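These notes are about the structure you will find just below.
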Amino acid sequence: MTGMFDTVRRLLRSVRLRLKSAAFLRSARDRWQHPDRVIAALGVREGDRVADLGAGPGYFTFRLARAVGPQGRVYAVDTDPDMSSLVTEAATRDDVRNVAVIEAAEDDPMLPEPVDLVLLVNAFHHLPELTTYLTTLSRYLRPGGRIAIIETVPRWFTFGHATTPGAIAAAMGDAGYTRVARHD
């Protein structure tokens, strides 16, 4: 009987992972997200250390890994173990060696080293106690390090999964950051 429950549990986990992944990795996403333009605008260089905060299943993680090259490092940071599992599986399957998966705490990204860039894509609205979290995040930036935020603008269908540009600017300012660029 235990074997049957284990089989059902594995099947349900597999379905759950695929559904979560599909929500983030839709093929149509490239048309509106423009990931190559985003990476170019960020000025990611070979050898950089980058944290993909709220990485999900790795939509930007693996693009960043190509941009930083074999001497660079990308930290795929997420609090959801399912998402971390998907990134780990993809990195193993595709033999991507410059991606490290970090299962973060709710209030701390727990990066193992300072980074040149922290990228948050549609994840800012998930951050707890913004000023405290953003202040903690500053400890993980190298001198001259940057935070880049891409966030959906609130609309009726975003159901709280969005933040206004003004709210982002205010939270960043309250935590002591200075805006150096804005791209639309």
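The values are calculated or read from the model by the stated rules, or taken from the named source; none is laboratory data. Keep in mind that what you see is a predicted model, and the values were worked out from it rather than measured. Here the Cβ is made from the backbone with ideal geometry for all residues, glycine too, and neighbour counts use every protein chain on show. Remember, those area values only see protein heavy atoms, side chains included, never the ligands or the DNA or RNA. Shrake-Rupley method; radii C 1.70, N 1.55, O 1.52, S 1.80 Å.
Overview of values
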item: Peptides ranked, highest mean first, by Cβ atoms within 10 Å: ranges 45-57, 90-102; result: 45-57, 90-102
item: Full-stretch length increase - Glu129, Arg179 - with 0.36 nm per residue and alpha-carbon distance subtracted; result: 16.0 nm
item: Pair Arg66, Glu89: separation of 7 Å Cα→Cβ label points (nm); result: 2.2 nm
item: For Val101, distant residues with modelled amide H under 5 Å away; result: Ala76
item: Estimated vicinal HN-Hα couplings, Hz - segment 165-179 in sequence order (Karplus 6.51, -1.76, 1.60; Gly, Pro = x); result: x, x, 5, 5, 4, 5, 5, 5, x, 4, 8, x, 8, 10, 6
item: Percent accessible area from carbon and sulfur atoms, segment 67-150, protein chains only, probe 1.4 Å; result: 50 percent
item: Distant-in-sequence amide H partners of Gly72 (H built 1.01 Å from N, under 5 Å); result: Gly47
item: Amide H contacts under 5 Å for Asn122, placed H, 5+ residues apart; result: Ile150, Glu151, Thr152
item: Cleavage-rule hits (GluC sites (Glu not before Pro)) in segment 101-184: DSSP loop, at most 13 neighbouring Cβ within 10 angstrom; result: Glu106, Glu129
